[in-house]
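Visitor: Before anything else, here's the structure in question.
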Amino acid sequence: MTQLPQEKCPTTTKPKKKKKAKFVDDGHTVYSMENLDPYAVKKKDKVGLTRKERRAAIRAALSVYMPRVLLIIACFIVAGLLIYVWLK
């Protein structure tokens with residue numbers, strides 16, 4: 001068995017790396033960020049509800065979402081009990 005010279009061995013050749021183009025900053029601005037203030041506090045728009053209307057809206061939202069939340073909690077409890085009984 002003859003041995004190939006190291007130069008011609010196909011397993012030792014390394015692929016040539018592509019040369020990267022150097023980045024040159026030309027000062028081009030894509031979007032001016034001068035007027036954006038990251039520390040500005042946005043004021044909330046007042047809805048204009050009275051205290052009685054606000055409480056009624058909160059009560060209506062709770063009456064809609066609370067049964068769903070309780071159902072999800074009950075499903076987790078049932079799943080936990082089933083796992084407990086199964087692994088016991």
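Visitor: Sort through Thr2, Thr50, Thr11 and tell me the only one that's modelled with pLDDT of 80 or more, loosely packed, with under 10 Cβ neighbours inside 10 Å and among the polar types (S, T, N, Q).
Guide: Going through Thr2, Thr50, Thr11 in turn, the sole match is Thr50.
Visitor: Let me ask something else about it. What are the residues in segment 33-81 that are within 29 Å of the chain's Cα centre (by Cα) and polar (S, T, N, Q), if any?
Guide: Asn35
The values are calculated or read from the model by the stated rules, or taken from the named source; none is laboratory data. These numbers were taken from a predicted model, which means no experiment stands behind them. Backbone-built Cβ (ideal geometry, glycine too); neighbour counts: all protein chains shown.
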